[in-house]
Amino acid sequence: MKIVIVGASGTMGTYLSNAFAKEHEIVRIDRKSPEIQVDITSPASIENMYKQIGAFDALICTAGPTYVGPWKNLHADTFRIGVEGKMMGQINLVLIGQNYINPKGSFTLITGALAHEPQKNFANASAANAAVEGFVRGAAIELEHGIRINAVSPTVIEASPQYFPFFPGEIPVTMKQLEFGFRKSVFGASTGQIIKP
Ligand SMILES: NC(=O)c1ccc[n+]([C@@H]2O[C@H](COP(=O)([O-])OP(=O)(O)OC[C@H]3O[C@@H](n4cnc5c(N)ncnc54)[C@H](OP(=O)(O)O)[C@@H]3O)[C@@H](O)[C@H]2O)c1
């Protein structure tokens, strides 16, 4: 299977790229990747990325920039980081990518438990996550040619200890649990699902 991973240089993306590369062709993409780059905040950049990739079977997105910080600094400008990044960036990956993905292909987007379990400093991510999850449910009944779409929604992951203080009482998701959440979406049959690893 040819799997595109957007956000491949990040914490999740690096782990998933290495895990899936044992069995599949992985196209690793982020803003600075050596061969093909994308800035998901730009529809033109997304279109250009797909033109370079050609046909593919699955897209995983683990790129989802949001504003993280004190509530007093969350205003119209900082809020746009999540709107144009995690929300519209991922939505445009699907709206544009549906014209390039193979029949019966799949899109797997990244959200997070913050959609339903808010924590201080993360209101922008809570909003973007919830928007993406609504889009996943809506898109699942519209996409044609057997194309599926799901989101993976973990709480804080074990490889991000810098976030542990912001998630009191949360048991971190292991990287294996995260991997199997993505496996369920990419290799299973479900669509329109929010997968909580
Ligand atoms: N880490 C956690 O505990 C956790 C838990 C739940 C949910 N999440 C969510 O999961 C996602 C990934 O988390 P992570 O910890 O793996 O993040 P990360 O380590 O910061 O990695 C982010 C990746 O996205 C790329 N990226 C950032 N902005 C981009 C843009 N505009 N266009 C294209 N690529 C872009 C980055 O590469 P470049 O900067 O080089 O482009 C990098 O490859 C985030 O949305 C986060 O909210 C994280």
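Every read-out reported here was derived from the displayed coordinates using simple, explicitly stated rules and does not represent laboratory data. Everything numeric here is computed off the predicted structure, so don't read it as measured data. When we count neighbours, we look across all protein chains shown, and the Cβ atoms used for this are built from the backbone with ideal geometry, even at glycine.
Taken over the C-alpha atoms, the chain has Rg and Dmax values of 15.7, 47 angstrom. Computed over the chain with a Gaussian network model linking Cα atoms closer than 10 Å, the most mobile of P161, P172, P118 is P161. Count neighbours as other Cβ atoms within 10 Å of each site's Cβ, and list the chymotrypsin sites (Phe, Trp or Tyr not before Pro) in segment 138-195 that are DSSP loop with at most 12 such neighbours. Sparse-neighbourhood loop chymotrypsin sites (Phe, Trp or Tyr not before Pro): none present. In order along segment 87-93, the Karplus-derived 3J(HN,Hα) couplings, from 6.51 cos²θ - 1.76 cosθ + 1.60 at θ = phi - 60°, round to 7, 5, x, 6, 4, 5, 4 Hz, and Gly and Pro are given as x. Here segment 34-80 is described by how far its Cα atoms reach on the three principal axes: 44, 19, 19 Å, from widest to narrowest. Using only side-chain charges placed at the Cβ, +1 for Lys and Arg and -1 for Asp and Glu, the dipole size of segment 1-109 relative to its Cα centre rounds to 140 debye.
Restricting the GluC sites (Glu not before Pro) of segment 8-107 to loop positions (DSSP other than H, G, I, E, B) with no more than 12 neighbouring Cβ atoms within 10 Å leaves E23, E35. For K86, the lysines whose Cα comes closer than 23 Å to its Cα, not counting residues fewer than 8 places off in the same chain, are K32, K51, K72, K120, K184, K196. Restricting segment 126-197 to GluC sites (Glu not before Pro) that sit in a DSSP loop and have at most 11 other Cβ atoms within 10 Å of their own Cβ leaves E142, E144.
With contacts taken as Cα pairs under 8 Å at a separation of at least 6 residues, the chain carries a relative contact order of 18 percent. Longest stretch of the chain clear of exposed loop sites (trypsin sites (Lys or Arg not before Pro), DSSP loop, at most 10 other Cβ atoms within 10 Å, sites excluded): 33-119. Computed from Cα atoms, the angle from the helix 11-21 axis to the main principal axis of the chain rounds to 30 degrees.
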